[in-house]
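Data block below; observations after.
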């Protein structure tokens with residue numbers, strides 16, 4: 001569950017327990033825009049999560065104005081069993097979101113953090129603050145080199161609203177041929193070293209979606225026309241087709257890397273791909289297999305392993321990395 005969804009869940013739980021008569025499904029729908037199929041599906045999903053978390057407190061009934069849901073307060077107060085480690089973890093999440101550069105998530109996480117701190121019992125609050133400070137001083141989020149994903153609210157919020165409302169998105173896009181106005185059916189967002197919108201242009205009603213970089217967008221707006229996302233489309237499955245973020249469908253295929261025995265232990269600790277398989281050979285080498293596209297990102301990654309890795313497949317990637325595998329790196333990743 002994302003940080004933002006965890007915050008929504010907590011705020012809804014508090015509101016349901018604070019209202020004596022509960023809330024109707026339509027009232028909950030209004031949190032996500034209201035009046036749409038997407039809003040109702042979102043309400044049903046989050047209520048299922050609440051029912052699983054608070055089975056003894058969750059109640060609903062059907063009334064003339066529709067189904068009404070509420071939570072008995074006693075169980076929600078049990079949420080104050082949150083301890084110093086939990087609060088410290090939230091503090092680190094705020095720091096992480098701030099490092100990534102997402103002001104929206106930072107603001108929402110800080111609200112959640114304030115609510116959680118409020119729920120700490122008075123008798124343990126003083127001790128907890130001391131423990132939280134000690135734990136925060138014991139952790140540090142390392143800053144990794146590379147571009148930060150763009151999280152400009154003027155770009156991200158209209159896209160998020162459109163995804164929720166199932167509407168098309170319009171924006172000016174700076175490509176190789178200059179700036180052009182685009183209107184697309186948004187499928188979802190993928191964030192890595194950059195953030196991409198997975199979308200199909202409105203001129204096409206079928207085919208593979210394209211990736212659009214958010215840092216190249218301007219004048220983003222949610223359109224009035226409804227978007228169409230194929231029922232069989234899975235954002236998670238689509239993302240797995242790439243080694244990193246960007247993917248070229250012509251490159252998609254089996255990838256096989258063989259790590260030499262002296263770096264096999266290091267490679268065993270890596271997750272190269274969600275669907276990878278690993279084979280250990282009698283000579284101590286380690287072979288990793290998966291299916292993905294993205295030869296350039298693979299080549300960038302493999303460079304740090306020097307001549308301690310052999311590209312078995314595909315041939316195009318093998319040709320890309322050969323003559324660029326150093327033997328003088330003092331250590332493996």
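FYI, it's all coordinate maths here, none of it is from the lab. None of these values were measured; they are calculated from a predicted model. Backbone-built Cβ (ideal geometry, glycine too); neighbour counts: all protein chains shown.
What to note about this one:
- Long-range Cα-Cα pairs in region 260-327 (distance over 15 Å), rounded percent: 53 percent
- Of 65, 37, 251, the one that fluctuates the most in a GNM where the chain has Cα springs shorter than 10 Å: 65
- Expected 222 nm ellipticity per residue - DSSP helices of 4 or more, -39500 (n - 2.57), all of the chain, to 500: -12500 deg cm²/dmol
- Mean separation of Cα contacts under 8 Å, 6 or more apart, over the residue count of the chain: relative contact order %: 11 percent
- The chain: angle of helix 84-100 to the longest principal axis, Cα-based, in degrees nearest 10: 60 degrees
- Where labels lie 7 Å past Cα in the beta-carbon direction, separation of residue 248 and residue 85 in nm: 4.7 nm
- Helix axis angle, 153-165 relative to the chain longest principal axis, alpha carbon, degrees: 70 degrees
- At the listed q of 0.06, 0.09, 0.12, 0.15 Å⁻¹, the Debye profile of the chain, built from one uniform point per Cα, gives log10 I(q)/I(0) equal to -0.31, -0.68, -1.09, -1.30.
- Förster radius 41 Å - calculated FRET efficiency between residue 24 and residue 206, Cβ distance, rounded to 0.05: 0.60
- Here the contact order of region 237-308, divided by its residue count and restricted to Cα pairs under 8 Å and six or more residues apart, works out to 43 percent.
- Helix 103-119 and the longest principal axis of the C-alpha atoms of the chain enclose an angle of approximately 50°.
- Spread over its residues, the convex hull of the C-alpha atoms of region 288-328 is 67 Å³ per residue.
- Here region 183-291 is treated as a sphere whose radius is the Kirkwood value from Cα pairs; by Stokes-Einstein at 4 °C and 1.567 mPa s it diffuses with a coefficient of 79 µm²/s.
- In the frame of its principal axes, region 153-240 has Cα extents of 33, 31, 25 Å, reported largest first.
- Region 153-240: relative contact order in percent, alpha carbon pairs under 8 Å with at least 6 residues between: 34 percent
- Stretching the chain fully between residue 181 and residue 45 yields a gain of 45.4 nm (0.36 nm per residue, less the alpha carbon separation).
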